[in-house]
Number of protein chains: 2
Amino acid sequence: MGKRYTHAHTIKFYECDTTGELTLPMVLNIVIQASEAQSEQLGRAEDYVHRLGYGWVITEHELTVTELPRVNQTINVSTEARYHNKYFCYRHFWLHDESGNELVHIISTFVLMDMISRKMVSVPSELIEPFASEKISKIRRGMRFPTFSQPDEQAYKVRYLDIDSNQHVNNSKYLDWMLDGLGWDWLTQYRASKIIIRFVKEVGYGQMITSRWEKDVADSEHVTASLHQITYENDTFADGYIEWSKR
Amino acid sequence: MGKRYTHAHTIKFYECDTTGELTLPMVLNIVIQASEAQSEQLGRAEDYVHRLGYGWVITEHELTVTELPRVNQTINVSTEARYHNKYFCYRHFWLHDESGNELVHIISTFVLMDMISRKMVSVPSELIEPFASEKISKIRRGMRFPTFSQPDEQAYKVRYLDIDSNQHVNNSKYLDWMLDGLGWDWLTQYRASKIIIRFVKEVGYGQMITSRWEKDVADSEHVTASLHQITYENDTFADGYIEWSKR
């Protein structure tokens with residue numbers, strides 16, 4: 001068990017969609033903000049990591065959504081660097097309401113990259129020790145995504161404001177592109193209950209990316225799911241799988 | 001002089017662009033959040049206005065930017081409903097750094113709309129009195145924008161997540177579409193010092209809008225300015241004028 005960091009956040013009108021619920025891309029921004037705050041608190045902020053020649057990269061988020069907080073609601077955002085092995089760090093995040101009910105739980109996989117070689121490196125203890133994360137030998141195996149049969153697709157150009165102060169396309173934008181194709185009726189009638197998003201490569205400013213999606217890909221009649229992919233010049237840059245429940 | 005409301009805000013990484021400065025669309029979101037908080041505090045929140053059959057509409061923002069706050073900086077966001085006449089309410093906003101230096105000053109024009117007829121109505125005293133705004137007879141005359149000679153243009157589709165919990169396209173998105181066309185080199189080399197944005201009509205979900213812009217439209221060699229327009233099916237939905245200074 002790692003050290004847990006928690007801060008409060010009040011949901012703003014511009015962080016919500018037309019249903020009044022916090023948007024899923026904004027869930028990602030809010031939790032990453034909490035992990036940056038913890039790293040700062042423990043003296044391992046991004047500039048410290050950069051001085052070693054490294055940078056953190058997120059390879060996967062797995063979100064379990066019980067309920068999404070609504071506009072003006074105050075929630076607690078918590079994070080804990082729970083487990084790590086030689087290469088992978090598994091960070092947990094939670095959104096809780098003020099009564100302590102869990103709204104969202106996220107397990108995210110972080111890897112450390114050498115900023116020159118752009119290769120994954122093993123995580124040095126000076127970077128992980130302050131978080132009191134537990135060393136494990138197991139690697140978390142990701143879900144095997146279904147394959148597309150007849151995907152729909154839409155093109156999106158990477159905009160100037162898609163790039164945030166970390167000087168990369170903000171991770172939440174991939175989810176934005178994935179969700180948008182599902183359309184108004186779907187997004188107002190269903191609520192995502194499970195989201196797995198995997199980041200493969202990084203898209204860049206000005207690129208015309210393709211968001212591919214397919215609805216109703218579930219293998220069981222009891223699950224409604226959608227499958228997603230972000231591609232650029234036929235290469236996969238991100239994959240997504242979302243389970244939905246009727247509102 | 002109206003009642004002034006102030007709250008603190010700490011700038012998040014996802015509210016900033018690649019330069020590490022707060023984005024201009026996010027400036028608008030942050031200040032509108034402050035006016036909503038003041039209205040709530042004074043018992044005139046949106047549900048109160050809606051019960052009367054009305055809704056507030058913003059017709060113009062005029063921003064004067066001395067400096068933009070940076071990622072992790074804590075600023076004070078202030079607002080005051082300073083003047084009003086029969087139809088127009090002039091609300092001021094300020095961003096100040098923690099030493100009290102003014103970073104951004106905004107004068108915004110609000111009008112009240114009948115939600116059924118979609119027509120502008122005169123502002124009843126029960127809606128304006130709690131703010132202690134000064135009644136004036138003058139109407140603030142807006143700047144006359146230059147005309148386009150050879151604009152560039154780009155199309156943008158209105159996305160599901162462009163619509164916020166107020167169930168309209170978030171006002172900051174118009175500025176997003178205006179800025180994006182200027183491109184990476186311009187936006188990283190220049191900083192906006194004055195922005196006037198006028199909202200004419202409201203775009204809707206799924207519409208393919210056109211953002212038109214022209215650089216270097218200034219009438220003086222001492223001012224670098226760009227001119228902007230958001231159109232849909234050849235109708236103007238928003239106009240913008242921005243003065244820039246070299247970073």
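The values are calculated or read from the model by the stated rules, or taken from the named source; none is laboratory data. Only a predicted model underlies this, so the values are computations on that prediction, with no experimental measurement involved. For neighbour counting, all protein chains shown are included, and Cβ atoms are generated from backbone atoms with ideal geometry for every residue, glycine included. To get the accessible areas, we keep the full protein, side chains included, count just its heavy atoms, and leave off ligands, DNA and RNA. Shrake-Rupley method; radii C 1.70, N 1.55, O 1.52, S 1.80 Å.
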Subset of segment A:13-22 [in contact (Cβ under 8 Å) with a residue 60 or more places away in the chain and at the interface with chain B (Cβ under 7 Å from one of its Cβ atoms)]: A:Asp17, A:Thr18
Residue match in segment B:188-200 (condition: outside any helix (DSSP H, G or I), within 11 Å of chain A (Cβ to nearest Cβ), at negative phi and among the charged types (D, E, K, R)): no
Breaking point among (1) open to solvent by 50 Å² or more (accessible area, probe 1.4 Å); (2) within 12 Å of chain B (Cβ to nearest Cβ); (3) in contact with a strand residue (DSSP E or B) (Cβ under 8 Å, 6 or more places away or on another chain), for A:Asp185: (3)
Residue in segment A:120-127 that is out of contact with any Leu (no Cβ under 7 Å at 6 or more places or on another chain), assigned to a helix (DSSP H, G or I) and surrounded by fewer than 12 Cβ atoms within 10 Å (Cβ to Cβ) present: yes
Where B:Thr59 falls short, out of the listed (1) in a strand (DSSP E or B); (2) of a type in the set (S, T, N, Q); (3) closer than 22 Å to B:Thr6 by Cβ: (3)
Top-ranked residue of segment A:198-243 - restricted to ones that are under 18 Å from A:Asp152 (Cα atoms) and among the β-branched types (Val, Ile, Thr), ranked as surrounded by the fewest Cβ atoms within 10 Å (Cβ to Cβ): A:Thr236
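Quick one: would you say A:Asp164 is free of Cβ contacts under 8 Å to residues at least 12 places away in the same chain, open to solvent by 40 Å² or more (accessible area, probe 1.4 Å) and either small (Gly, Ala, Ser) or closer than 19 Å to A:Leu24 by Cβ (or both)?
no
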Test: residue in segment B:134-149 that is assigned to a strand (DSSP E or B), under 16 Å from B:Met208 (Cα atoms) and either out of contact with any Leu (no Cβ under 7 Å at 6 or more places or on another chain) or more than 7 Å from chain A (Cβ to nearest Cβ) (or both): no
Only listed residue being within 21 Å of the chain's Cα centre (by Cα) and modelled with pLDDT under 95, chosen from B:Asn166, B:Asn171: B:Asn166
Lone unmet requirement of (1) in contact (Cβ under 8 Å) with a residue 60 or more places away in the chain; (2) open to solvent by 40 Å² or more (accessible area, probe 1.4 Å); (3) part of a strand (DSSP E or B) for B:Lys173: (3)
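Condition check ((1) closer than 19 Å to B:Arg82 by Cβ; (2) among the β-branched types (Val, Ile, Thr); (3) at pLDDT below 95) across all residues:
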position	(1), (2), (3)
B:His105	yes, no, no
B:Phe110	yes, no, no
B:Ile128	yes, yes, yes
B:Ala155	no, no, no
